[in-house]
1. Once amide H atoms are built 1.01 Å from N in the peptide plane, which residues 5 or more positions from Val117, or in another chain, come under 5 Å H to H?
2. Ignoring any ligand, DNA or RNA, what whole percent of the accessible area of the chain comes from carbon and sulfur when the probe is 1.4 angstrom?
3. For Glu185 and Asp370 in one chain, what is 0.36 nm times their gap in residues minus the Cα-Cα distance, to one decimal in nm?
4. What list of ³J(HN,Hα) couplings, whole Hz, do you get for segment 53-64 from phi and the Karplus terms 6.51, -1.76, 1.60, once you set θ to phi - 60° and write x for glycine and proline?
5. Using only the alpha-carbon atoms, what does segment 293-395 span along each of its principal axes? Please give whole angstrom values in decreasing order.
6. Over the Cα atoms, compute the radius of gyration (one decimal) and Dmax (the largest Cα-Cα distance, rounded to a whole number) for segment 220-312, in Å.
7. Quick one: what are the phi-derived ³J(HN,Hα) couplings along segment 243-260, Karplus 6.51/-1.76/1.60 with θ = phi - 60°, whole Hz, x for glycine and proline?
8. From the residues Ile81, Thr8, Gly98, which one has its Cα farthest along the dipole of segment 3-103 in the positive direction, the dipole being from +1 and -1 charges on Cβ of Lys/Arg and Asp/Glu about the Cα centre?
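The values are calculated or read from the model by the stated rules, or taken from the named source; none is laboratory data. Predicted, not measured: the structure shown is a model, and the values here were computed from it. Cβ placement follows ideal geometry from the backbone for every residue including glycine, while neighbour counts extend to all protein chains displayed. Accessible surface areas use protein heavy atoms only, side chains included; no ligands, DNA or RNA. Shrake-Rupley method; radii C 1.70, N 1.55, O 1.52, S 1.80 Å.
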Amino acid sequence: MKIIQVKTILTSPNQNYLFVKAVTDSGIYGVGDASLNGREKAVADLIDTYLSPLLIGRDPEQIEDFWQLVYRGSYWRGGNIIMSALCGIDMALWDILGKSAGKPLYALLGGKVRSKVLCYSHVLGKSQEDKIAQAAEYVRERGLKVIRLRAGLPAANGTFGVTQNQDSPKIESWNPEDEIMNTVEYFIRVREAVGKKIGIIYDLHERFSPDQAVRILRRIEDYDPFFIEDPVAPDCADSLRYVREKTIAPIAFGELYKSRWECLPAITGRWIDFLRCDVIRIGGITEARKIAALAETYDIKTAWHGPNDVSPITHAVNWHLNVSEYNFGIQEDGTTDGLIHQVISGGPVYQDGYLIMEERPGIGCDIDEDAAAQYPFRKAYIPVCRQEDGSLNNW
Ligand code: KDG
Ligand code: MG
């Protein structure tokens, strides 16, 4: 079997996604997700100009070798653009492998160790009152066992606040020092609203400095958070260690990591309890297996990044990893009812606090290219966050 064609498909059903379709001479094709919120076109260009020509004519089963060719062979290794592009192709190759073997992806990864996947959903809403009411409703009406809060706005307005068809990002204002007590109060009020048994995840989204993060964590650790996510930015590994040493709250980290080596200090130092890499950002399934094994070695659980700016293909890949990994912790459920389902079929669905999925060979998703063409790409930016004095804050 040989790859004869590689297509990139940029589409915007509500928000932008970038898909890869790799076609073989046997008629079998694979699909992959290379979406990188706010930078999709740069990834598409890398695939079209540099990576597709390397793939055409190759045996699709040589997945590891292609991964190494792109990662090491280009000399300029890593980064969000390269790793996202690599992921789109890597997923498509695993999909081809599964389809040609007639087996779902999880079977290629070693088979199931669990049958359903514990998940959590995002609590949104414009005001703190709205959010608290929604948290209680999620538990009561939808049966969620774990919910996820997030410090502050932009998430309050629309899909991660992504703006489309604008020439610059929306500016959100945020004064971390003023938000410390709001952030603490919000967590405690949600705990009171949902009761003791519901897991509460709090994504601080790197919005506070290490000392501010500690002031928050020390005040909420007694209210039993399921985990605190991204208490600090990923740039300085020592900041994560500093926070870790000062709290008993479980910590989740990693959606901005781009390689196994970036994860290494947090894993080997055991500064985290849950590793939250984004499968797209680390170069796909090939690398996700290695990172999960590394985390397992250090008793760290996985909580793969799964927001709604990745597509059902990535949600499906997460699901296959989750059911086949021993050290699975929890899965972020960013699956939505939106227009994306006109473009991509398949993927996990929510049921009573868990994600389940209909089993098909490969990843289990397909792309409708005609439907994708009906939603042309629209340039979009992730909003930026500025403090009162105008200086930029981590988002
Ligand atoms: O595009 C940005 C999102 O992927 C990010 O804000 C989502 O932090 C996030 C999460 O935990 O889902
Ligand atoms: Mg996050």
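1. Excluding prolines and chain starts, which carry no amide H, the hits are Leu355.
2. Values: 7800 of 15940 Å².
Percent of accessible area from carbon and sulfur atoms in the chain: 49.
3. Numbers: separation 185, 0.36 × 185 = 66.60 nm, distance 4.82 nm.
Taking Glu185 through Asp370 to full extension adds about 61.8 nm, to one decimal.
4. Residue by residue, segment 53-64 yields x, 6, 8, 5, x, 8, 6, x, 7, 8, 6, 4 Hz.
5. Its Cα atoms span 51, 46, 27 Å along the three principal axes.
6. My reading of the Cα-based Rg and Dmax gives 12.8, 39 Å.
7. Result, ordered by residue: 5, 3, 5, 10, 9, 9, 5, x, 10, 10, 7, x, 5, 9, 5, 10, 6, 4 Hz.
8. Checked the options; the winner is Ile81.
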